[in-house]
Amino acid sequence: MEKLIEQFQLGLFFWLLVIFVGLVFLMKKFAWKPILDAVNEREEGIKNALLAAENAKKDMQNLKADNEKLLAEARAERDLMIKEAREIKEKMIADAKSEAQAQGEKMIDQAKASIESEKNAAMAELKNQVSSLSLEIAEKLLQDELSNKEAQTKLVEKMLGDAKLN
C-alpha cells in the first residue's frame, strides 16, 4: 500500500475522477434509466402475469363449479328419465297383463257359451233320437200286439182296467 501512496499523482487522480464522474453521469443518463425502466417493466409484467394467473385460477374454479352443477343437473335429468322409463315399462306391463286377462276371460266366456250351445244342441239331438226310438219301439210293439187278436183284447181290457182305477 505504501507503494501506491508513493506513486500517487494528483493529475492522474483528477482525470480518473473526471472520467469516473462522467462515466457515472453517462450511465445515469443513458444506462440507468433504461435498465430501471426494463426492471420496472419486468416487475409490472410479473405482477400482471400473477394477476392473470390468479384470474385464470378463479375462472377455472368457476368453470369447475359450473361443470359440477351441470353434471349434477345431467345426473338428475338422467335419473328422472330412467324413473319415467321404468314407470312407462311397468304401466305397459300392467296394461298388457290386464288386456291378456280380459282376452282370456272373453275366450273362456266364449268357450263356455259354445259348450253350452253344443250341450243344448246335443241334448236336443238326444231327445229327438230318444223320441224317434221310442216311437219306433212303440210302433213295433203296437204292430206286434195288434197283429195278434188275443193280445189286442188283453190290451183293451188292461187299458179299461187302468182307466177304472183312476
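The values are calculated or read from the model by the stated rules, or taken from the named source; none is laboratory data. Owing to the predicted nature of the structure, the values given are computational and were not obtained by experimental measurement. When we count neighbours, we look across all protein chains shown, and the Cβ atoms used for this are built from the backbone with ideal geometry, even at glycine. What goes into the accessible areas is simple: the full protein's heavy atoms, side chains included, and nothing from ligands, DNA or RNA. Shrake-Rupley method; radii C 1.70, N 1.55, O 1.52, S 1.80 Å.
Just need a number here: residues in segment 109-166 that are open to solvent by less than 80 Å² (accessible area, probe 1.4 Å) and touching a helix residue (DSSP H, G or I) at 6+ places or on another chain (Cβ under 8 Å).
Residues of segment 109-166 open to solvent by less than 80 Å² (accessible area, probe 1.4 Å): 111, 113-114, 117, 121-122, 124, 130-132, 134, 138, 145, 148, 151-153, 155, 161-163.
Filter again for touching a helix residue (DSSP H, G or I) at 6+ places or on another chain (Cβ under 8 Å), leaving 145, 151-152, 155.
Result for segment 109-166: 4.
Would it be correct to say that Asp95 is among the acidic types (Asp, Glu), within 13 Å of the chain's Cα centre (by Cα) and in a helix (DSSP H, G or I)?
Numbers: among the acidic types (Asp, Glu): yes; within 13 Å of the chain's Cα centre (by Cα): no; in a helix (DSSP H, G or I): yes.
Answer is no for this residue.
Can you confirm whether segment 56-67 contains a residue that is out of contact with any helix residue (DSSP H, G or I) (no Cβ under 8 Å at 6 or more places or on another chain), hydrophobic (A, V, I, L, M, F, W, C) and outside any helix (DSSP H, G or I)? Full working, then the answer.
Filtering segment 56-67 for residues out of contact with any helix residue (DSSP H, G or I) (no Cβ under 8 Å at 6 or more places or on another chain) gives 56-67.
Adding the requirement that they be hydrophobic (A, V, I, L, M, F, W, C) leaves 56, 60, 63, 65.
Next, only the ones that are outside any helix (DSSP H, G or I) stay: none.
No, there is no match, as no residue in segment 56-67 is out of contact with any helix residue (DSSP H, G or I) (no Cβ under 8 Å at 6 or more places or on another chain), hydrophobic (A, V, I, L, M, F, W, C) and outside any helix (DSSP H, G or I).
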